[in-house]
Amino acid sequence: MPRVAYNSAMTRLCGIIVLLLACLGCENAQPEHIRLRKELDLAEQRIEDLTRKVEQQTARIDAQAEQIETLQQLGETRVEKCFAVESLEIGRHSGGIDTDKQPGHDAVVVYLKPRDAQGATIKAAGSIRIQLFDLAADEGDRLVGQWAWDVDRAREHYASGMLANHYSFELPLKPRPAHPDLTIRAEFTDYLTGRTFDASKAFTVTLPPAAMDE
């Protein structure tokens, strides 16, 4: 609450209290005395509530001012000093997989690793898009599939631990490509800086016998 409004409210409430106290001095009309006492109690409670709100808002303003001062001391280059994404890598184990126990690969697994300036994998939040191409196909048929995840959905695909530190996606090969040599293209848009990074990787899948005979 602005201080001017608070002072105005306090002035009105103090006036009410003075009036109520004056009325309480009257010795005639006992019921009026009780009514005025209740109004006085209510006015005092309102003053306590207003005082509490002012204290809470003052504390919030002080905290925000301290945060602003801290950010100003850090300077505009503070983001540059953070561990930020500088490149994107498609993991070497990305490729075709068999999930239906039938001959040939029916899906592709893609591992993505955002890396910093020193080449270390970092757990960075961002949106992701993956495209799968059959470059040996006719020009209009080269795109086998494409998928996209916003920052919240992509977060569900991140695995970290002693043996894993990457995004992983299992993508169905539907329809099956006409050729076994495929190319993955991935894009990662860093949520911190807004920069977009891309990476590509060629790999070979095992097609079912019927597809290879076509």
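For the list (1) under 24 Å from Asp98 (Cβ atoms); (2) more than 33 Å from the chain's Cα centre (by Cα), I need the number of the one condition that Ala186 fails.
(2)
So which of Gln146, Gln102 is out of contact with any Asp or Glu (no Cβ under 6 Å at 6 or more places or on another chain) and within 24 Å of Ser87 (Cα to Cα)?
Values: Gln102 fails: within 24 Å of Ser87 (Cα to Cα).
None of the other options fit; the residue is Gln146.
Suppose we filter region 98-115 for residues that are surrounded by 12 or more Cβ atoms within 10 Å (Cβ to Cβ), in contact (Cβ under 8 Å) with a residue 60 or more places away in the chain and over 14 Å from Leu171 (Cβ atoms); how many remain?
Residues in region 98-115 being surrounded by 12 or more Cβ atoms within 10 Å (Cβ to Cβ), in contact (Cβ under 8 Å) with a residue 60 or more places away in the chain and over 14 Å from Leu171 (Cβ atoms): 3 in total.
Out of all the residues in region 142-178, which are under 17 Å from Ala107 (Cα atoms) and among the aliphatic types (A, V, I, L, M)?
Correct list: Leu143, Val144, Ala148, Leu171, Leu173, Ala178.
If we scan region 73-91, do we find a residue that is in a loop (DSSP other than H, G, I, E, B), in the same structural domain as Gly145 (by TED's automatic domain parsing), at pLDDT 90 or above and within 30 Å of Pro209 (Cβ to Cβ)?
yes
The values are calculated or read from the model by the stated rules, or taken from the named source; none is laboratory data. Since this is a predicted model, take the numbers as computed values, not measurements. Cβ: placed from backbone, ideal geometry, glycine included. Neighbour counts: every protein chain shown.
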